[in-house]
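Quick notes on the structure that follows.
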Amino acid sequence: MQLAGRLDQLGTETAFAVSQAAAEWAAGGHRVYPFHLGDINLPTPANIVDAMNAAIADGKTGYCPAAGIAPLRDALADDIGRGRGMELSASNIVVQPGGKPVITKFIQTLMNPGDGVLYPNPGYPIYESQIDYYGGRAMPYRYRETDTGFGIDLEQLRELAPSARLLIYNNLQNPLGCESTPEEMAEIARIAIEHDLTVLSDEAYFEMRYSGESTSIASLPGMADRTVILYTFSKKFAMTGWRLGCAVAPVDVAQQIAKLNTNDESCTTHFVQAAGVEALRDPSGAVPLLAELERRRNAAVAGLQAIPGVSCATPESTFYLFPNVTEAVGRLGFRNVTEFATAALHETGVSFCTRHHFGSAQPDETERYIRLAYSGISVDDIEEGLGELAGWVASA
Ligand SMILES: Cc1ncc(COP(=O)(O)O)c(C=O)c1O
């Protein structure tokens, strides 16, 4: 069968290849410490599960409106508006099967072939895949390591912005675990307004934080009319496999996204939406979840900081760490971080992604980084696994 030529442009999440390698190693009878995938090994809160079961028993098993059921759109407008200090109504909300579809629908709705799209690198790999697939001009912007984590290279962003039309911004960032200072976010908004950029604000981790408060760039003056927010239940309520999220957009854009819903999936599963209403009505189940993730973060940061030649900041949000391993890689005599990751799996069972799973390294990049997710591994296993890693590096 002859495949469509455009498939050559479609990327993927190369991190899944790391899962495959880890699964094969485990199948050989070896112990694996899984730090590679951003899934959560904690159960969805019981009230949400119960609400889904009740909705099925109640016959909510048929088609429903493409943009989402009214009670969920109302609840989302209320919750997202309150959390971000924005005036929203149901007409701004288009329910989606997860957060990820918002990326493709943003691009399909707002990008013409040839348009320049700025996106983070290192960043979530689906941005580049979708930009390329729909014929956009991929324009990665980089981050710089700071004393407290990572910050956007604003100088580079300013240089690139005049030839871009869209900007993808992921504050509370995967894979870096970092967030913008208020000054950085204000400058990004200023650049977006000056160059008339349409913005996707990927807020998948907005509520995943251990201290402080999140801010949405959409809430800054002049931004609401040019921004689409990606919102998801996946992380906040440990609902990654349920597939529930939404796009938050100006009404005219929301209507177009709803039309794409009609074409793509007709609607998001009705009983899953009913469960979403309950999640927002009583979100208390998210509290112990976050507390457990914080314990894991503390254990993982402490474990990494104890490894010779590894430095790691303490992010206040997401469940990702992006330690600098340049010295450790050198100490062990590896030529690159991929060799380091492969050997780490085989020598210690610790499985993680590297910087290269989140976009191509920029030509002047000299430091080496890995990414660890602590959402799918217990505190005991974090301590044991990183202890193994420390022993291996120290023995070199
Ligand atoms: C930055 C970012 N955006 C979007 C998503 C997609 O989220 P969902 O599982 O709700 O589709 C993820 C998932 O890991 C993510 O890390």
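Quick notes on this one:
- Test: residue in the range 288-296 that is at pLDDT 95 or above, within 16 Å of the ligand (Cβ to nearest atom), on the phi < 0 side of the Ramachandran plot and among the hydrophobic types (A, V, I, L, M, F, W, C): yes
- Residues in the range 1-23 that are among the polar types (S, T, N, Q) and either open to solvent by 80 Å² or more (accessible area, probe 1.4 Å) or over 22 Å from the mean Cα position of the chain (by Cα) (or both) were compared, and the one that is modelled with the lowest pLDDT is T12.
- Just one of the listed residues (A54, A90, A77, A67) is buried (at least 21 other Cβ atoms within 10 Å of the Cβ) and more than 16 Å from the ligand (Cβ to nearest atom), namely A67.
- Residue in the range 346-371 that is surrounded by the fewest Cβ atoms within 10 Å (Cβ to Cβ), counting only those that are outside any loop (DSSP other than H, G, I, E, B) and out of contact with any helix residue (DSSP H, G or I) (no Cβ under 6 Å at 6 or more places or on another chain): H346
- Residues satisfying the stated conditions in the range 160-173, i.e. open to solvent by 10 Å² or more (accessible area, probe 1.4 Å) and within 16 Å of the ligand (Cβ to nearest atom): N171
- Qualifying residue in the range 225-237 (condition: of a type in the set (D, E, K, R), within 15 Å of V102 (Cβ to Cβ), open to solvent by 10 Å² or more (accessible area, probe 1.4 Å) and part of a helix (DSSP H, G or I)): no
- Verdict on E327 being buried (at least 16 other Cβ atoms within 10 Å of the Cβ), of a type in the set (D, E, K, R) and without any contact (Cβ under 8 Å) to a residue 24 or more places away in the chain: yes
- Scanning the range 125-139 for residues that are open to solvent by less than 50 Å² (accessible area, probe 1.4 Å) and either of a type in the set (D, E) or within 15 Å of the ligand (Cβ to nearest atom) (or both) returns P125, I126, Y127, S129, Q130, I131, D132.
- Candidates V272, V253, V277, filtered to the one that is away from the ligand (no atom under 16 Å from the Cβ), assigned to a helix (DSSP H, G or I), in contact (Cβ under 8 Å) with a residue 24 or more places away in the chain and open to solvent by less than 30 Å² (accessible area, probe 1.4 Å): V253
- So R335, is it of a type in the set (D, E, K, R) and open to solvent by less than 60 Å² (accessible area, probe 1.4 Å): no
The values are calculated or read from the model by the stated rules, or taken from the named source; none is laboratory data. From a predicted model like this one, the values you see are computed outputs, not experimental measurements. Virtual Cβ from ideal backbone geometry, glycine too; neighbours counted across all protein chains shown. Protein only, heavy atoms only, side chains kept; ligands, DNA and RNA dropped before computing areas. Shrake-Rupley method; radii C 1.70, N 1.55, O 1.52, S 1.80 Å.
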